[in-house]
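Participant: Below are the structure tokens for one structure; questions will follow.
The values are calculated or read from the model by the stated rules, or taken from the named source; none is laboratory data. In this text, all values refer to a predicted model and were calculated from it rather than measured experimentally. Cβ placement follows ideal geometry from the backbone for every residue including glycine, while neighbour counts extend to all protein chains displayed. Ligands, DNA and RNA are excluded from the accessible area calculation, which covers all protein heavy atoms including side chains. Shrake-Rupley method; radii C 1.70, N 1.55, O 1.52, S 1.80 Å.
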Amino acid sequence: QVQLVESGGGSVQAGGSLRLSCVASGLTFSMYFMAWFRQAPGREREFVATINWSDGSTYYTDSVKGRFTISRDNAKNTVYLQMNSLKPEDTAVYYCAARRSRAFVRWSPVRGGEYDTWGQGTQVTVSS
């Protein structure tokens, strides 16, 4: 069974930083796309960032570009989300997601339905 466990959330002042971690088990980490999503109360789940299993390339939603960095440590089966210059609008529950790579399949990494496994989430609260 595949499990994802997030950690690193908390409460910070605007302009502060947090680093989220997601530890994966039960999968071959390098064979998966890893992503972060977030969901604020009353809002839809939103794509944040993803990292490609094959080359480490990354993609971010526009609202976090230049502030957030997704990275991966295959040796530790861990994906990170470094969040700098946090804003109150970043307040949400952040979820780690994994999608097994599939050859010859066209897909969109920003769609939550594309991912196979989700973590339980970690709360990030940013005060102004």
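Participant: Failed condition for Thr50, given (1) surrounded by fewer than 22 Cβ atoms within 10 Å (Cβ to Cβ); (2) among the polar types (S, T, N, Q); (3) outside any loop (DSSP other than H, G, I, E, B), with all others met?
Facilitator: The failed condition is (1).
Participant: Quick one: how many residues across region 17-39 are in contact with a helix residue (DSSP H, G or I) (Cβ under 8 Å, 6 or more places away or on another chain) and either within 20 Å of Gln123 (Cβ to Cβ) or open to solvent by 60 Å² or more (accessible area, probe 1.4 Å) (or both)?
Facilitator: Here is the first cut: in region 17-39, the residues in contact with a helix residue (DSSP H, G or I) (Cβ under 8 Å, 6 or more places away or on another chain) are 23, 29-30, 37-38.
Now drop any that are not either within 20 Å of Gln123 (Cβ to Cβ) or open to solvent by 60 Å² or more (accessible area, probe 1.4 Å) (or both), which leaves 23, 37-38.
So the count comes out to 3.
Participant: Find all pairs meeting these conditions: Cβ atoms under 6 angstrom apart; at least six residues apart or on different chains; first residue within region 66-80 and under 17 Å from Met31 (Cα atoms); second residue outside any strand (DSSP E or B).
Facilitator: Asn74/Phe29; Asn74/Ser30; Asn77/Phe29
Participant: What are the residue pairs meeting all of these: first residue in region 21-43, first residue part of a loop (DSSP other than H, G, I, E, B), second residue open to solvent by less than 10 Å² (accessible area, probe 1.4 Å), Cβ atoms under 7 Å, and 6 or more apart or on different chains?
Facilitator: If the second residue must be open to solvent by less than 10 Å² (accessible area, probe 1.4 Å), the pairs left are Leu27/Ala98; Ala40/Ala92.
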